[in-house]
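Colleague: Next up is a structure, given as structure tokens.
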Amino acid sequence: MTAPQTLDRAGIARRIPHAGRMCLLKRLLSWDEQAIRCSTATHAEADNPLRTASGLLAPTLIEYAAQAMALHGGLLAAEGVEPSAGFIASVRNVRLAIDRIDDIEGELQVNAERLTGDANQVLYRFEVQDARGRTLADGRAAVVLNTPLAAERTP
């Protein structure tokens, strides 16, 4: 069975380690070996698990991007092979255009592009845009794969 080109929230949740309300992505729009595009409106939900007393702050967009990267890794895994567990090791050159996201109208588009990588680490460029195409956040993230810590946390 080949990986699907699009997925809904339930399909995404089956392919990433984020469960329940913590699965922030609603739709896989497209993907290939180098990039992934997803959309969501969970930033507007009152019960978003990342919401603080101050609202849903812009740095949470990094988590949205991280989930797109995790989904991309899962889709790239060979059939019948468990995707590598990974952790964000660092984020660089992150630019946030806003302070908070819970007041952004419409869906967010979450894009990630795999720049380089191997069995131990992957470097992604990410961008999150609002419904009008305005960039809300962008940057780069290094993901470390197959670490002892990842193995301890994987059920």
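Derivation of every value follows stated rules applied to the coordinates shown; laboratory data play no part. Note that the structure is predicted; figures quoted are calculated from it, not measured. As a convention, Cβ positions derive from the backbone with ideal geometry for all residues, glycine included, and neighbour counts pool all protein chains shown.
Colleague: Compute the length gained on full extension between I98 and R132: take 0.36 nm times their separation in residues and subtract their Cα-Cα distance, giving the result in nm to one decimal.
Modeller: Here the segment from I98 to R132 would lengthen by 10.8 nm.
Colleague: Out of A46, A141, A65, any idea which swings most in a Gaussian network model of the chain, alpha carbons joined below 10 Å?
Modeller: Of A46, A141, A65, the most mobile in the Gaussian network model is A46.
Colleague: Give me, ordered by chain and number, the residues 5 or more places off L115 or on other chains with an amide H under 5 Å from its own placed amide H.
Modeller: Those lying under 5 Å, H to H, from L115 are L123, Y124, R125.
Colleague: Another one. Could you sort 69-77, 5-13 so that the peptide with the highest average Cβ count within 10 Å comes first and the rest follow in order?
Modeller: 69-77, 5-13
Colleague: Could you work out the mean projected area of the convex hull around the alpha carbons of the range 1-93, in square nanometres to one decimal?
Modeller: On the way: hull surface 26.8 nm².
So the mean shadow area of the Cα hull is 6.7 nm².
Colleague: Right, next: Hey, what do the phi angles of the range 39-52 turn into as Karplus ³J(HN,Hα) couplings, whole Hz, using 6.51/-1.76/1.60 and θ = phi - 60°, x for Gly and Pro?
Modeller: Per residue, the Karplus-derived 3J(HN,Hα) values read 9, 6, 10, 5, 5, 8, 7, 4, 9, 4, x, 9, 5, 10 Hz.
Colleague: What order do you get for I104, I36 when you list them from fewest to most C-beta neighbours inside 10 Å? Let's see the in-between values first.
Modeller: Numbers: I104 20, I36 26.
Sorted ascending by nearby Cβ count, the order is I104, I36.
Colleague: Could I ask something else about it? Out of A35, A68, A89, any idea which swings most in a Gaussian network model of the chain, alpha carbons joined below 10 Å?
Modeller: The residue with the greatest mean-square fluctuation here is A89.
Colleague: Still on this structure, please answer the following. Say we join alpha carbon atoms closer than 10 Å with springs in a Gaussian network model of the chain; which of A112, A19, A142 then has the biggest fluctuation?
Modeller: A19
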